[in-house]
Amino acid sequence: MGLNQFVVEWPYPVNYDGINVIETDVLVVGGGISGSWAAIEAARRGAKVVVAEEMDVFSAGPAGCDHWHNAFDNPACKVTPDEAIETMERYVMERGIPFNPIGRYITYNESFKTLLELEKLGAKIRDTEDEFKGAPFRDEETKLLYAYTYDVKCTLRVWGQTFRQALYAELVRLRVPLYGRVLITSLLTEDGKIGGRVVGAVGVHTRTGEFYVFKSKATILCTGSFDGGLRIFGYLGYGFYSLHSPSMAGVGHNAAWRAGAEFLGIDARFRRGTGHGSMPSYATGNPSNTWYPCTIVDADGKEIPWIDPLTMKPVSSIEERVISDLRGYKALGGPPSWPETTPISHAFFIPSVAQDFLERVKRGEYKLPLYADLPGMPEHERRAIFGLMVAQEGKTWIVYYNLTRAGFDPNKDMLQSYWFGGRHLDPIANLFTSAHGGFIHDWDFRTNLEGLFVAGDACFYGLEHAGAAVSGRWAGAKAADYAKSVSLGKIDWDQVERERKRVYAPTAKTSGVDWRELNVAICTVMRTYVNDLSNEEMLKIALKWLDELERGEAEKVVARNPHELTRTLETLSALSNAKLITLYTLERVRRPNLKGFLTMILKSSGEVEFVVRPWRWWLLPPYAPTYRENYERHKPW
Amino acid sequence: MSGEKKYYAPLTPSIIIEFDPNVCDGCYPTFREPLCVKACRMDILLPNPYDRSKPPILIYPDECCECGCCVHACPKSLQGAIKLNWPTHKLPRWKRKETGEHFRVGMPNPPPPNPTPPVGGWYPEVKRREER
Ligand SMILES: Cc1cc2nc3c(=O)[nH]c(=O)nc-3n(C[C@H](O)[C@H](O)[C@H](O)COP(=O)(O)OP(=O)(O)OC[C@H]3O[C@@H](n4cnc5c(N)ncnc54)[C@H](O)[C@@H]3O)c2cc1C
Ligand code: SF4
Ligand code: SF4
């Protein structure tokens, strides 16, 4: 069929009146990385578990992973989990950087063990073909490959493309019912009350439009990260924010928020995005993350200098970028600015290209544009970066595929780089940031709501891939145990009916606006008023704007088929989340001297309550005073 | 009532996802659902409603997140059954170090493809538990 037609008939049977009711012990909302692990662990413990996933679990969540992080439990790692958490805590305190101490510490102790579990499921984590024999990042005995800091060995380079498949196969083997293409729109609470026990969830099938009611003893929120309305769909009207899934709209976050879960927002003054990816992610040269430690050169081939983030000393060779000992860290003593011996762990202390670079371009020291000098890298690094990290991550497989098909040859070619010093060459293009607001949880990954657990990037400040896997397993075990101790709660059918009415309203309209228009409006309001220049007045205008949208234009959105309904519901959630983030930012502006963690809770009265949790609340009663004690006390195995 | 009403999706000219009808058989009858359709994270590929053995149909191309899951999932991807063409404003450029020549994805008179497979192959094996 060519494009000689203007419409295509919807191939799926549509039934907006249909209702399916499913009963289970454990409901996993979101079948990405944490959700898959949660379901596997709960099923292995004999719980009846189902997964509800907006996509198909087959490809849900990011398809893979190129870095397996935080493997401080790896026997070869030179830093212990306890040393790592001490360093991390100190570093984030000094710099005011957000972090999730509970999720991190548990991950530091479980990351490598979980990777070995994944290997048992068939995933590839070792260089068994000896393709990197003799490379400085390879352990010749175990054939494991390391990243970032080759003498510390807490981050691994892996064949992430195999991860999704391995998890999916295990879910199928365990016969876990997978409800794919079901978007969960609301959690159900006892008596329909905000703050009550979570007794299930409801959702809509994204192809048939049928309604789903899940009754569960325990529910695990595994819906990934969200962007707080900062950048959702491409606001230029073309191209979704590259590689990110629609879960960035935060439907899951919004459902948990409306049920009364304690939420830790982000101060959006420090996070700015535009919703417009001007280049496919990972398909341009850069010196960090997947592309670390690639040399960047200017138009004349002059190398951009690297710098150590703690000592602020220049890093002169490629070896120095990847071996902390050569930078004076003394294989895990401290850098000069930290005179006493403090262990140094990886990612937060790796060198980067100098951030004042833009000024130096303006002074004429360097000439744009910039290129990633893959041909100038040692052969094993070049293959590790492009042939392994980019090609085998999973979702960036297509980057390798498309570039090589177009004739790109890493042995000869330098890929153009579009960003420098935190800025993109195209001034309105995206900055790669994510919001990572999320839900507060305890050492069992329980939220403040009875019956609701959380895992992965939906946890406050997010946990990345290894942390998602670890927290998913942990929460799955805890939820399965909890489910054994309780019976199914009572569903409030009035709550179900209210939600049905809300959800299907856009399908009943015959005139109005497309969700895209609303989406662009939300992004525009957020960009204009909620940014590094925001003050109280600006934020109040934003809130008023968003409120007007909610009561005005949002009521006019039309959905002509279940797919448009899905996008509409996502956009409505994004609108609500944008308000949430603005409200949070406003509160932060009003408390310039805030010490501790500011969280927010929706009360049953409909009011928003702000809570200040003291610094180190995770080690205060009712918890034990040390990380290790809490870990040992709560460990499910 | 909803059973009788017909539903549609609008079609927009686009080759962000491009099928080769000579290679793609709609995964018919091997798979219940075409694998690219199953894999699509944005759910913008529809099984061909007129003939299941023909390529799927792309709807709402502006929603594509360029994840490539559709191409990756296709059993005939390496034979060219399905391609992801990045949108025109998102085409990476590069420079050949020795000669200073400039290239971009999708340029007229492109250089020959680079046939080098990734480290570990295009599709590294996922070993099943029973096999080990
Ligand atoms: C391109 C890319 C590369 C990355 N590389 C790395 C890496 O190398 N190392 C690393 O540590 N991290 C990496 N990350 C981050 C990492 O993938 C995430 O931190 C991790 O996947 C988080 O897991 P999660 O389970 O919390 O969320 P996800 O894996 O995102 O899963 C969330 C799932 O929930 C579903 N969902 C959301 N809302 C709903 C709803 N309302 N109803 C039903 N389903 C819903 C979504 O569809 C999604 O499938 C990368 C991310 C991307 C995008
Ligand atoms: S493109 Fe590939 S996966 Fe999609 S229907 Fe055709 S053969 Fe199947
Ligand atoms: S690239 Fe991803 S979002 Fe786009 S059509 Fe393929 S699977 Fe769908």
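The values are calculated or read from the model by the stated rules, or taken from the named source; none is laboratory data. Fair warning: this is a prediction, and the values are worked out from it, not measured in the lab. Counting neighbours? That spans all protein chains shown, and the Cβs are built from the backbone with ideal geometry, glycine included. For the accessible areas, the whole protein counts, side chains as well, though only heavy atoms, and no ligand, DNA or RNA atoms are used. Shrake-Rupley method; radii C 1.70, N 1.55, O 1.52, S 1.80 Å.
Annotations
- Single residue of A:ASP494, A:ASP442, A:ASP481 found to be more than 16 Å from ligand 1 (Cβ to nearest atom), surrounded by fewer than 24 Cβ atoms within 10 Å (Cβ to Cβ), part of a loop (DSSP other than H, G, I, E, B) and not hydroxyl-bearing (Ser, Thr, Tyr): A:ASP442
- In segment A:391-402, the residues that are surrounded by 24 or more Cβ atoms within 10 Å (Cβ to Cβ) and either at the interface with chain B (Cβ under 7 Å from one of its Cβ atoms) or at pLDDT 95 or above (or both): A:ALA391, A:GLN392, A:LYS395, A:TRP397, A:ILE398, A:VAL399, A:TYR400
- Answer residue from segment A:507-517, given it is in contact (Cβ under 8 Å) with a residue 12 or more places away in the chain and within 14 Å of chain B (Cβ to nearest Cβ) and is nearest to A:GLY203 (Cα to Cα) among those: A:THR507
Conditions (1) hydrophobic (A, V, I, L, M, F, W, C); (2) surrounded by fewer than 24 Cβ atoms within 10 Å (Cβ to Cβ); (3) under 30 Å from A:THR626 (Cα atoms), marked per residue:
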| residue | (1), (2), (3) |
| --- | --- |
| A:TYR12 | no, yes, no |
| A:TYR16 | no, yes, no |
| A:VAL28 | yes, no, no |
| A:GLY32 | no, no, no |
| A:ALA39 | yes, no, yes |
| A:ARG45 | no, yes, yes |
| A:PHE58 | yes, yes, no |
| A:ASP73 | no, yes, yes |
| A:ASP82 | no, yes, yes |
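- Members of segment B:3-21 that are within 11 Å of ligand 2 (Cβ to nearest atom) and part of a loop (DSSP other than H, G, I, E, B): B:ASP20, B:PRO21
- The condition (being more than 16 Å from ligand 3 (Cβ to nearest atom) and basic (Lys, Arg)) is satisfied by just one residue among A:ARG197, A:ARG164, A:ARG181: A:ARG197.
- Enumeration of residues in segment A:567-609 that are over 21 Å from the mean Cα position of the chain (by Cα) and within 14 Å of chain B (Cβ to nearest Cβ): A:THR568
- Number of positions in segment A:591-613 that are closer than 17 Å to A:MET93 by Cβ and exposed (fewer than 11 other Cβ atoms within 10 Å of the Cβ): 2
Here's the yes/no breakdown for (1) touching an Asp or Glu at 6+ places or on another chain (Cβ under 9 Å); (2) open to solvent by 60 Å² or more (accessible area, probe 1.4 Å):
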{"residue": "A:GLU536", "(1), (2)": "no, yes"}
{"residue": "A:LEU539", "(1), (2)": "no, no"}
{"residue": "A:LEU543", "(1), (2)": "no, no"}
{"residue": "A:ASP547", "(1), (2)": "no, no"}
{"residue": "A:VAL558", "(1), (2)": "yes, no"}
{"residue": "A:THR571", "(1), (2)": "no, no"}
{"residue": "A:LEU575", "(1), (2)": "yes, no"}
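- Being surrounded by 22 or more Cβ atoms within 10 Å (Cβ to Cβ) and either away from ligand 1 (no atom under 16 Å from the Cβ) or within 18 Å of A:MET55 (Cα to Cα) (or both) is a condition met by at least one residue of segment B:94-108.
Yes or no, residue by residue, for (1) near ligand 2 (Cβ under 8 Å from one of its atoms); (2) over 21 Å from A:THR566 (Cβ atoms); (3) open to solvent by 40 Å² or more (accessible area, probe 1.4 Å):
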| position | (1), (2), (3) |
| --- | --- |
| B:PRO56 | yes, no, no |
| B:ILE59 | no, no, no |
| B:GLU63 | no, no, no |
| B:CYS74 | yes, yes, no |
| B:GLN79 | no, yes, yes |
| B:THR88 | no, yes, yes |
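- Qualifying residue in segment A:356-370 (condition: open to solvent by less than 40 Å² (accessible area, probe 1.4 Å), in contact (Cβ under 8 Å) with a residue 40 or more places away in the chain and within 28 Å of the chain's Cα centre (by Cα)): no
- Some residue of segment A:69-82 being at pLDDT below 95, near ligand 1 (Cβ under 8 Å from one of its atoms) and within 12 Å of chain B (Cβ to nearest Cβ): no
- Given (1) modelled with pLDDT of 95 or more; (2) at the interface with chain B (Cβ under 7 Å from one of its Cβ atoms); (3) touching a Cys at 6+ places or on another chain (Cβ under 8 Å), index of the condition A:MET377 fails: (2)
- Residue ID - most open to solvent (accessible area, probe 1.4 Å), chosen from residues in segment A:620-635 that are in contact (Cβ under 8 Å) with a residue 24 or more places away in the chain and not in a loop (DSSP other than H, G, I, E, B): A:ARG633
- Conditions (1) away from ligand 2 (no atom under 12 Å from the Cβ); (2) open to solvent by 10 Å² or more (accessible area, probe 1.4 Å); number of the one not met by B:TYR28: (1)
- Here A:TYR12 clears all of (1) within 25 Å of A:VAL172 (Cβ to Cβ); (2) more than 9 Å from chain B (Cβ to nearest Cβ) except the condition numbered (2).
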